[in-house]
Each structure stands twice: as structure tokens, then as C-alpha cells.
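The values are calculated or read from the model by the stated rules, or taken from the named source; none is laboratory data. Keep in mind that what you see is a predicted model, and the values were worked out from it rather than measured. Note that each Cβ is placed from the backbone with ideal geometry, even for glycine, and that neighbours are counted across all protein chains shown. All accessible areas refer to the heavy atoms of the entire protein, side chains included, with ligands and DNA or RNA removed. Shrake-Rupley method; radii C 1.70, N 1.55, O 1.52, S 1.80 Å.
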Amino acid sequence: MALRAALRKSCALTGLFCQLSSSRHGRVCASPVLVAQQRNSSTAQNIKLDFDQSTGVAVMHMQCPPVNALSLEFLTEICITVEKLEMDKSCRGLIITSSQPKVFSAGLDLLEMYETSTEHRGEFWRAVQEMWLKLYSSKLVTIAAINGSSPAGGCLMAMTCDYRIMADNPRYGIGLNETQLGMVAPFW
Ligand SMILES: CCCCCCC/C=C/C(=O)SCCNC(=O)CCNC(=O)[C@H](O)C(C)(C)COP(=O)(O)OP(=O)(O)OC[C@H]1O[C@@H](n2cnc3c(N)ncnc32)[C@H](O)[C@@H]1OP(=O)(O)O
């Protein structure tokens, strides 16, 4: 049973990798084939979703300027998008990438943690936890196409995907740097 599930995931993955290509400028991008075959395209405020029903692959473009900082609103949008895709039986895989230049995600929105109420911060941290649990436990094959810097919460997001592909550019950094900001990761 477990083996069958693993095989299913791996077959779906082969399809997903075929859809990824990288340009000479160190950017990872969805192949033009995906755009041409696209059946379904929807846009939430900070997310552009391209879903190709013939392959079952969805591409979630994060477009929350300037740096895809993970605010309560943006985290909620991400969770709702993943939930909707999971409910669609024709969806097998999800590629997460960024529309912002040079940045995949700057991590948690620092302004959400600054001068906000205890109640708001509670809601915010619950949304952070929901986001990574949703991705980590998703039945979809998930791939982070990391086409820019991805510190802290951005790194967390990428780590909770099944696979990560990062653009080969020495200017792009990734890692858990939150302790440098004096933050301790919660006991999840
Ligand atoms: C077991 C695992 C547990 C994990 C626990 C997870 C805990 C996670 C904590 C966090 O995520 S805390 C956030 C940490 N993030 C950072 O430290 C990133 C800081 N930002 C940068 O390093 C850079 O901004 C960048 C992302 C590399 C981009 O550099 P670039 O030069 O392209 O842009 P900037 O001029 O620096 O920034 C533009 C604009 O964006 C604002 N901004 C940047 N990061 C954030 C952020 N995280 N939250 C809110 N806003 C951010 C920055 O202030 C600039 O704003 P303006 O000055 O233009 O208004």
C-alpha cells in the first residue's frame, strides 16, 4: 500500500520535472508547453494559479510585492489555494514559485510581528503552522521552484515541499536565519 502510494507520487513527479526548465539567467520557470496547454488559470490577490488539467499539474506563482513576505492574509491565501487543489481529483502535483524578481519569499512578514496585538500574533502564528503542515502533509506532489532568495520562513516553506529546485545564482541565499533576528522557532 505504502509502496503503491510512493510509486504514484514518483510517476507524477516524472511528469512534473518535465515541466520545469531553467533559463540562462538562473531563473527556474515553467515551460512554455505548460502555458500553451493551460486549461485553467485563476488569480487570487497575491497568487496566480495556472492549472493544466491534462497533466494534473498546477503552478502557483507567488506575487505578493515586494518580496512575497508571508503575512496572515498571504498565508491564508496559500492555504486556501492548496486546499482547493487537493479537492480537485484531477490535480496531482503543485509547483510553487515566485513572480517577484530575485526573491522566492522573504519569510514571515516582519511587520505582522511588530506592534500588533497578542490576538493578532496568535492568529498569525497559527496560520504559519497551518501553511507548513498543509504543504508537508499534502497528498499532492509538491515542488518548490526556488527562483530567488528564500530566508527563514521562505526556507521553511521550501523545506515542507517534497522536492526543491533552486536557481543556480550565487546572489540567492537560503537558510534558517531567524535566530539572527532574536527569534526562537516555536515548539511545534
Ligand atoms: C524548524 C523550522 C522552524 C522555522 C520557523 C520559522 C520562523 C521564521 C521566521 C521568519 O521568517 S522572520 C523573517 C526573516 N526574513 C528575513 O530576515 C529576510 C529579510 N529580508 C532580506 O533579507 C531581503 O529583503 C531579501 C529578501 C533578500 C530581498 O532583498 P532585496 O535587496 O531584493 O530587497 P530589500 O530592499 O531588502 O527589501 C524590499 C522591501 O521588502 C521589505 N521586506 C524584506 N523582507 C521583509 C519581511 N520579511 N517582512 C516584511 N517586509 C520585508 C523591505 O523592508 C523593503 O521594504 P521597503 O523598504 O521597500 O518599504
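Is at least one residue of region 57-65 free of Cβ contacts under 8 Å to residues at least 40 places away in the same chain, within 20 Å of MET159 (Cβ to Cβ) and over 12 Å from the mean Cα position of the chain (by Cα)?
yes
Among residues belonging to region 80-108 that are open to solvent by 30 Å² or more (accessible area, probe 1.4 Å) and within 17 Å of GLN45 (Cβ to Cβ), point out the one that is farthest from the ligand (Cβ to nearest atom).
Residue satisfying both the conditions and the ranking: LYS84.
Output the residue which, of all residues in region 139-156 that are within 9 Å of the ligand (Cβ to nearest atom) and under 17 Å from HIS61 (Cβ atoms), is surrounded by the most Cβ atoms within 10 Å (Cβ to Cβ).
Just the residues of region 139-156 that are within 9 Å of the ligand (Cβ to nearest atom), to begin with: 148-156.
Filter once more, keeping what is under 17 Å from HIS61 (Cβ atoms): 148-150, 154.
Details: GLY148: 26, SER149: 21, SER150: 27, GLY154: 29.
The extreme case among them is GLY154.
So, of the residues in region 51-79 that are in a strand (DSSP E or B) and over 20 Å from LYS139 (Cβ atoms), which turns out to be nearest to the ligand (Cβ to nearest atom)?
LEU70
Can you pull out the residues in region 125-151 that are in contact with a strand residue (DSSP E or B) (Cβ under 8 Å, 6 or more places away or on another chain) and either part of a helix (DSSP H, G or I) or at pLDDT below 95 (or both)?
Listed by number, the residues that qualify are VAL128, MET131, LEU135.
If you check MET183, MET159, which single one turns out to be open to solvent by 70 Å² or more (accessible area, probe 1.4 Å) and within 8 Å of the ligand (Cβ to nearest atom)? Don't jump to the end; show me each part of the working.
Values: MET183 fails: open to solvent by 70 Å² or more (accessible area, probe 1.4 Å).
The match here is MET159.
I'm trying to understand the selection: among the residues of region 162-180, which are near the ligand (Cβ under 10 Å from one of its atoms), open to solvent by less than 40 Å² (accessible area, probe 1.4 Å) and in contact (Cβ under 8 Å) with a residue 60 or more places away in the chain?
Across region 162-180, the qualifying residues are TYR172, GLU178.
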